[in-house]
Amino acid sequence: MLIIYEDKYLDEIINLWNQNVEKDRLLKPWTKDYFKQKFLSNPHFNKELFMMYQENNKIIGIGHASYKSLDSIDPGFISFILVDQQHQRQGIGSSILKALEDKLKTYGKTFVRNLFLSPFNMEWYIDDHYPHDHPGMPAVAQNTDYYFLLMNNGYNIDGQQQDVYYQDIRTYQIPDKIKKTIEENKQIGFNITLYDESKHHGFKSLFEALNNKTWLEVVENNLSKKDPLPMLIIEKEGKILGWTGPLITEKSKRGYFAGIGVHPDVQGHGLGKALFSSLIDYSRQNGAEFMSLFTGHLNPARNIYLGAGFKIIKSFSVLRKNL
């Protein structure tokens, strides 16, 4: 039978999750502290949307859903459906999924759309590079049990395929071709350097030209900190014409950054590739061992990533279902 989350089941939930994610080594295992931080402390957590399938007083399946707002134009999200290996192919996953969808409808949700905007995005290990990880799922990993469960229950692809790029950067060196590009651009006044508030200006006009309010928010949030994280920029005579960052090495040794952009007026000089290569080199010097990122498979920025030696290691599909 289906029941909703209660604290007394926490140990059983943790054990079920860890025992069943180990074989695929895709999703990361849980601890009690992680679960409490990821779910129970999240302001979007609703125990009615954490459902469990119980048989003979044993939890053999779990699933979770969420939403960000009660506005009907905003989607619901299905975080995961997991069924014990010995009880799969018996319709349990579909039962949990249907119950979560029905519950989302009671909160005014008219559709589910699974992508990285979920407030409960799941961390995962990068294929063949354990223990290197990525902090969130871009969407639904293709050709997994979860992917086929959704597809077989009325979900359809709704958006660009999201590709994850990866590179081990421990021995990374900026290619000679890129070094030449950096030097040629320096000769005409384009410099790649760390942002200095006393010397550089123009973030707002850059992100307006790129039509990217999210990156402006990232920069403003960073600069509001007591000790802002470093950011790499392209500047000419003090005007900011390109940006990437903020730069930080995560506990997993992953080199983090939020995005990369070059002003449309100066594109075509190889500045994007030069800036990205500089980012990789800076991250390596800052102790990062690897970098991972994702983007839509039609995004022209993919050429920057591939040109820097990154490889596509996994693809994800944005899946939607009208309720």
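The values are calculated or read from the model by the stated rules, or taken from the named source; none is laboratory data. It should be emphasised that the depicted structure is a prediction, and the values quoted were computed from it without experimental measurement. A quick note on method: Cβ atoms are made from the backbone with ideal geometry, for glycine too, and the neighbour counts reach across all protein chains shown.
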Among (1) surrounded by fewer than 20 Cβ atoms within 10 Å (Cβ to Cβ); (2) in contact with a Gly (Cβ under 7 Å, 6 or more places away or on another chain); (3) among the β-branched types (V, I, T), the one test that I234 misses: (1)
S95 being within 26 Å of G296 (Cβ to Cβ), crowded, with 18+ Cβ neighbours inside 10 Å and among the polar types (S, T, N, Q): no
Candidate set: the stretch 257-303, residues that are over 23 Å from S205 (Cα atoms) and β-branched (V, I, T); chosen: the one surrounded by the most Cβ atoms within 10 Å (Cβ to Cβ): I280
S69 vs. criteria surrounded by 14 or more Cβ atoms within 10 Å (Cβ to Cβ), in the same structural domain as M151 (by TED's automatic domain parsing) and of a type outside the set (D, E, K, R): no
Exclusive hit being loosely packed, with under 15 Cβ neighbours inside 10 Å and of a type outside the set (K, R), set D158, D163, D196: D196
Residue match in the stretch 46-60 (condition: of a type in the set (S, T, N, Q) and touching a Phe, Trp or Tyr at 6+ places or on another chain (Cβ under 6 Å)): no
Count - residues of the stretch 135-183 that are free of Cβ contacts under 8 Å to residues at least 40 places away in the same chain and farther than 21 Å from K321 by Cα: 7
Looking only at the stretch 130-172, and only at residues there that are part of a loop (DSSP other than H, G, I, E, B) and in contact with an Asp or Glu (Cβ under 7 Å, 6 or more places away or on another chain), the one that is farthest from L298 (Cα to Cα): R170
Test for E6: is it of a type in the set (D, E, K, R), within 16 Å of L104 (Cα to Cα) and out of contact with any Leu (no Cβ under 6 Å at 6 or more places or on another chain): no
Condition broken by T244, with the remaining ones in (1) farther than 20 Å from E183 by Cα; (2) under 20 Å from the mean Cα position of the chain (by Cα); (3) not charged (D, E, K, R) satisfied: (1)
All positions within the stretch 84-108 that are touching an Asp or Glu at 6+ places or on another chain (Cβ under 8 Å) and of a type in the set (D, E, K, R): K103
